Amino acid sequence: MRKRILVVTQHFWPENFRINDLVEGFLDDGIEVDVLCGLPNYPKGEWFDGYDASGPFEEHYRTANVYRCKEIPRKGNTAVRIFLNYVSWPWNARWALSRLPGGYDAVFCFNTSPVLMCWPAVVYARRHHIPCVNYVLDIWPENLYSVLPVKSKLLRGMAQGVSDWLYRRCDKLIAMSEPLQKRLCERTGKPAADVAVIPQYCEDFYAIPRPDEALARQFGGRFNLVFTGTFTPAQSLDTVIRAVAKARAAGADSLHLLLVGDGMSRASLEALVQELDAGSYVTFYGSVPARDVPRFTTLADALLISLSDSPDLGLTVPAKLASYMAAGKPVVASMNGAGADAVRAAGCGMVSPACDVDALAENLAELCRLSPDCRAELGRCAKVYYLDNYRRSMLLRRLEAFLLADAVPRPDQPAGPVDPL
């Protein structure tokens, strides 16, 4: 009998998240999939074309059934709107569980922020006595504090308690790195066998160069440092902008920062660029579909990845690092922890401590001085590390095996008590 899983995730197609490709991989491997998700409005908090508060609430993604739930959009990305978005979707998803047809062997939660996203997954799995596997991409409550400045000890204590409660009630967890695995084991009391280390892979198309003549005409003749992804405080892109300005002042006058993406920090970053009079060498390109990202990584002389100075963010390896390495370009990392260790292990670029403007500026200036052959060798090392550690086929098989290892035979799945939370 073919395996059948329920995927629970607030963000899904047409939003640009890796869960879209995971679902495709499950389908290609003969696994039947239903998806419980929200209405697309990330990252700007505006409804995507064809969607609004009235739906649609049922769709198809290839052969997967997609069940959408209401949520309050994060319009404006203010602290209040983000909080309302964080709590509204899990609440609505919890009460939408009765819409699901059932017959699942396991529940898989792709758990970006918020941690509350896994609550409906836990409830469904416990009700039907099937395994719940949570892929912890943003560890909470630590990740919350990188976005919302929560200072109250009472609120922090509540966030810690709820996060640990939910992680413990998942049957198994997936961590992106060994440091994160260790942290989750300490917090939940789970054995290491129940907390697998499976890095996020990147889709195969990131490894295929896509030269773009229009981009080359627009940005050619400069040293293009490219960042792709979401602009939030966690990325500390203000550090990057200041470091680029400092490196140029030190002689790297061809250095150009190309920011491809969007997010809650864009307005403040644009204000910083204006304050530094950096508009001639910092470009905000805007968001592009994931499959268009290789146009920009092919253009790049180097690729930039950064995180804020938080020991908890250092527990994870950002997904974009895999796609950067797949592109075969030098990587400039301004970060601590597991991601920085991966760049060092690959020997594919330069690493500076998180939020250290001076150290990042020095690395950028040095990279600009390297010969093309030296930069090409860094790119070659990146590609080798990607092939050894982040290939889609390898990591997808490991994830599927872990997800379905404890699957309960169907069709007998008697209903049971539901957790009160």
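The values are calculated or read from the model by the stated rules, or taken from the named source; none is laboratory data. All values reported here derive from a predicted model rather than from experimental measurement. Positions of Cβ are backbone-derived with ideal geometry, glycine not excepted, and every protein chain shown enters the neighbour counts. Accessible surface areas use protein heavy atoms only, side chains included; no ligands, DNA or RNA. Shrake-Rupley method; radii C 1.70, N 1.55, O 1.52, S 1.80 Å.
What number, in percent, do you get for the relative contact order of the stretch 47-194 if the mean sequence gap of Cα pairs under 8 Å and at least 6 apart is divided by its residue count? Walk me through the numbers before you get to the answer.
Details: 178 pairs, mean separation 23.7, N = 148.
Normalised by residue count, the contact order of the stretch 47-194 is 16 percent.
What figure in square angstrom, to the nearest 10, would you give for the accessible area of residue 126 with a 1.4 Å probe?
Roughly 100 Å² of residue 126 is accessible to a 1.4 Å probe.
Using per-residue counts of other Cβ atoms within 10 Å, averaged over each peptide, order 267-273, 189-195 from highest down.
Per-residue mean Cβ counts within 10 Å order the peptides as 267-273, 189-195.
Hey, what did the chain get for relative contact order, percent, Cα under 8 Å, at least 6 apart? Write out the running numbers ahead of the final one.
Values: 819 pairs, mean separation 63.9, N = 421.
Once normalised by length, the contact order is 15 percent.
Limiting things to C-alpha atoms, what are the Rg and the maximum Cα-Cα separation (Dmax) for the chain, in angstroms?
Using the Cα atoms of the chain, the pair Rg, Dmax is 21.5, 70 Å.
With a/c under 1.5 counting as rounded, go ahead and sort the stretch 245-318 into rounded, prolate or oblate using the C-alpha gyration tensor (a ≥ b ≥ c being the square roots of the eigenvalues; past the cut-off, prolate if a/b is larger than b/c, else oblate).
Values: a/c = 1.39, a/b = 1.16, b/c = 1.20.
Rounded.
What aspartates and glutamates does residue 182 reach when the alpha-carbon gap must be under 19 Å and sequence neighbours fewer than 8 apart in one chain are set aside?
Candidates past the 8-residue exclusion: 138, 142, 164, 171, 194, 312, 341.
Which whole-Hz ³J(HN,Hα) couplings does the stretch 224-231 yield from phi under the Karplus relation 6.51 cos²θ - 1.76 cosθ + 1.60, θ = phi - 60°, glycine and proline marked x?
8, 9, 10, 10, 10, x, 8, 9
Apply the Karplus parameterisation 6.51 cos²θ - 1.76 cosθ + 1.60, with θ equal to phi minus 60°, to every residue of the stretch 99-111 and state each ³J(HN,Hα) to the nearest whole Hz, in sequence, with x for glycine and proline.
For the stretch 99-111, the Karplus curve yields 6, 6, x, x, x, 8, 8, 6, 10, 10, 9, 8, 9 Hz.
In µm²/s, what is D for the stretch 292-352 at 10 °C and 1.306 mPa s, where D = kT/(6 pi eta Rh) by Stokes-Einstein and Rh is the Kirkwood radius from Cα pairs?
D, rounded to a whole number, is 137 µm²/s.
Give, rounded to the nearest 20 debye, the magnitude of the charge dipole that the chain has about its Cα centre when Lys and Arg contribute +1 at Cβ and Asp and Glu contribute -1 at Cβ.
640 debye
Could you give the accessible area per residue of the stretch 222-360, probe 1.4 Å, as a whole number in Å²?
The answer is 32 Å² per residue.
At q = 0.11, 0.12, 0.15, 0.18 Å⁻¹, what log₁₀ I(q)/I(0) does a Debye calculation on the Cα points of the stretch 218-354 give, no solvent, two decimals?
-0.36, -0.43, -0.69, -1.03
From largest to smallest, what semi-axes in whole angstrom does the stretch 1-131 give when each is the square root of 5 times an eigenvalue of its alpha carbon gyration tensor?
Those come to 24, 16, 12 Å.
Return the Rg/Rh ratio of the stretch 135-229 with Cα-based radii and a Kirkwood Rh.
Over the Cα atoms of the stretch 135-229, Rg/Rh equals 1.19.
In the chain, carbon and sulfur make up what percent of the accessible area (probe 1.4 Å)?
Carbon with sulfur: 54 percent of the solvent-accessible area.
Compute the accessible area per residue over the stretch 98-173, keeping the other protein chains in place, probe 1.4 Å, unit Å².
Counting only protein heavy atoms, the per-residue value for the stretch 98-173 is 33 Å².
So which of 3/172; 190/329; 3/75; 246/320; 246/329; 75/320 end up more than 29 Å apart by C-alpha? Show your work: numbers first, answer last.
Working: 3/172 18 Å; 190/329 39 Å; 3/75 38 Å; 246/320 25 Å; 246/329 23 Å; 75/320 25 Å.
Result: 190/329; 3/75 exceed 29 Å.
I need to check one value: relative contact order of the stretch 314-380, counting alpha carbon pairs closer than 8 Å and at least 6 residues apart, in percent.
Worked out over the stretch 314-380, it gives 35 percent.
Please check: in the Gaussian network model of the chain (C-alpha springs, under 10 Å), which one of 212, 358, 312 has the largest mean-square fluctuation.
For the chain, modelled as a Gaussian network with Cα springs under 10 Å, the answer is 212.
Can you list residues whose amide H is under 5 Å from residue 331's amide H, if they're 5+ apart or on another chain and H is modeled 1.01 Å from N?
303, 349, 350
What is the stretch 234-274 by shape, rounded, prolate or oblate, if you read a ≥ b ≥ c off the alpha carbon gyration tensor as root eigenvalues and call it rounded for a/c under 1.5, prolate for a/b larger than b/c, and oblate otherwise?
Prolate, because a/c is 1.5 or more and a/b exceeds b/c.
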